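What follows is a short report on a single structure.
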Amino acid sequence: MGFLVEVVEDQKLLPQAVVPIRFARATEGESKADTPDLDTRGFLPGKFGSARGPVIGVMSGRTIRVRLVRNRLAHQAKVFVTADDPSIVEIVQPSKDLPLNTNSKVDSDTVYLKGGKISKHRMTIVRARWGSSTGPVLGELSVRVYPRLRVPVQFHGTRINESDPFLLLATQAKTLLEDINQIYAQVGIEFCLRSIGIPIESYTGFLVRGGVLDNDVTLPNGQKIASNEEYAHILSVNPNPEALNVYTVEHLFAVDPETGKVEEATTVAIGWDPSFVWDYINPSLPEGKPQASVGVVTRLAQSKQLMAHVLAHEFGHVLGLDHYGNSSVKDLREDLWAHRNLMHPEIALHPPERSEEHSCKSSPARMAIGYGHITGEGIALPFPGDWIGTKAIPAIHQSHQWFVLRDQVLKQAFLP
């Protein structure tokens with residue numbers, strides 16, 4: 001049965017997209033492998049990306065949940081979910097030819113999707129239909145399925161200027177990688193311990209005992225020390241040639257250039273990929289040859305969620321990702337999706353009224369992204385998200401982050 005649509009021509013009216021249903025992340029809080037976030041940037045093919053509607057990622061053989069929200073649809077309306085290619089994505093729930101929940105007390109339903117057994121990444125469309133499994137389409141969700149790629153990780157402890165050794169236990173490192181894998185499951189990447197043995201590397205000649213300098217400083221005698229020099233020194237000692245190397249240090253220090261006062265830096269970790277060119281020469285190496293600066297240097301963070309988020313972010317750098325939007329402050333501030341992205345450059349989102357030192361100030365609406373909060377500066381600030389971009393949008397630098405990550409893993413770019 002047809003219905004009448006009246007178009008009102010009024011230049012004062014802003015265009016709005018009115019949809020009967022929409023797909024959304026199944027839960028809030030820290031990232032979980034079975035409830036990934038969606039790439040909702042742009043709903044049109046061609047100019048705004050090849051995928052129609054939002055896109056979600058799942059690892060081959062894994063099951064994920066996604067929420068179907070009834071925006072302009074009665075609770076009692078029967079909605080059926082179908083997949084264009086069931087060999088790529090299986091609809092686990094609702095069962096075949098059965099509608100979603102019609103409980104009048106809820107405004108959303110949970111759809112369970114399982115990635116098929118595939119040898120290379122593939123994508124299909126999941127459709128929400130009205131009335132039957134062949135009825136009119138109310139909404140679409142593109143699902144990209146990835147075969148699993150594994151990245152071995154070697155953790156190192158450190159002893160700087162004869163300080164006490166500082167390291168993670170193997171059980172702690174394993175748990176940390178499990179938390180990081182909750183984030184990277186959306187693009188089919190899994191990090192695993194290369195060895196349960198965690199070597200302790202010794203260093204001398206650092207500015208401050210027990211830690212690494214995080215800012216450039218000029219000493220009273222005029223000597224200039226670049227923070228990159230100490231980071232490069234850390235990464236140059238005994239890296240495992242078959243793994244992504246992570247060095248844990250007790251402190252990352254910031255030195256006040258005027259007073260010389262040493263304090264704990266706000267930086268939690270730093271990750272370098274092979275494109276980072278640094279001419280640091282480790283004097284202990286034969287012939288004084290420069291050492292590749294690839295890997296991560298990290299201290300411990302104040303919470304389990306923050307530690308996983310920061311290291312996942314730095315792993316992204318090692319695997320070739322830049323900050324979202326290539327760190328354009330204006331784009332970061334105005335792009336709604338930037339705040340949900342793993343490669344946002346700050347570890348907390350700041351509202352407009354915060355001090356000018358935070359270049360990526362945002363708006364309250366853009367901060368309500370549902371990833372929990374971190375306590376800092378006396379207030380609770382929202383975490384940025386852990387979502388990884390899947391759509392190819394020409395206007396956004398590295399929009400297709402999934403491709404960059406998987407391409408670098410296949411090329412083993414994380415090796416020293």
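Rule-based calculations on the coordinates, nothing more; no lab input. Because the structure is a prediction, the values reported are computed rather than measured. Note that each Cβ is placed from the backbone with ideal geometry, even for glycine, and that neighbours are counted across all protein chains shown.
Taking GluC sites (Glu not before Pro) across the stretch 233-270, the ones in a DSSP loop with at most 16 further Cβ atoms lying within 10 angstrom of their Cβ are GLU242, GLU258. Dipole size of the stretch 189-264 about its Cα centre, with +1 on Lys/Arg Cβ and -1 on Asp/Glu Cβ: approximately 220 debye, rounded to the nearest 20.
Once the Cβ-Cβ distance of ASP164 and ASN71 is raised to the sixth power relative to R0 = 56 Å, the FRET efficiency obtained is 0.45. Please give the FRET efficiency for LYS78 paired with GLU28, using the beta carbon to beta carbon distance and R0 = 30 Å, rounded to the nearest 0.05. Plugging the Cβ-Cβ distance into 1/(1 + (r/R0)^6) gives 0.60. Say the dipole of the stretch 125-175 comes from +1 at the beta carbon of Lys and Arg and -1 at that of Asp and Glu; which of THR171, ILE160, VAL126 then lies farthest toward its positive end? It is VAL126. Ignoring solvent entirely, what values of log10 I(q)/I(0) come out of the Debye formula for the stretch 138-185 at 0.20 Å⁻¹ when each Cα is a single scatterer? Computed log10 I(q)/I(0) values: -0.83.
With 26 Å as the limit, the listed pairs LYS224/LYS411; LYS32/LYS114; LYS174/LYS261; LYS391/LYS411 have LYS224/LYS411; LYS174/LYS261 beyond it between alpha carbons.
Here the calculated FRET efficiency for SER363 and ASN326, from their Cβ-Cβ distance with R0 = 25 Å, stands at 0.70, rounded to the nearest 0.05.
What length, rounded to one decimal in nm, is gained on full extension from ILE379 through to VAL208, with 0.36 nm per residue of separation minus their alpha-carbon distance? Don't skip to the end; give the middle numbers.
On the way: separation 171, 0.36 × 171 = 61.56 nm, distance 3.07 nm.
Length difference between fully extended and current span is 58.5 nm.
If packing is taken as the average number of other Cβ atoms within 10 Å across a peptide's residues, how do 22-31, 167-176 rank, most packed first? Working shown, then result.
Values: 22-31: 18.4, 167-176: 16.2.
Listed from highest to lowest mean packing, they are 22-31, 167-176.
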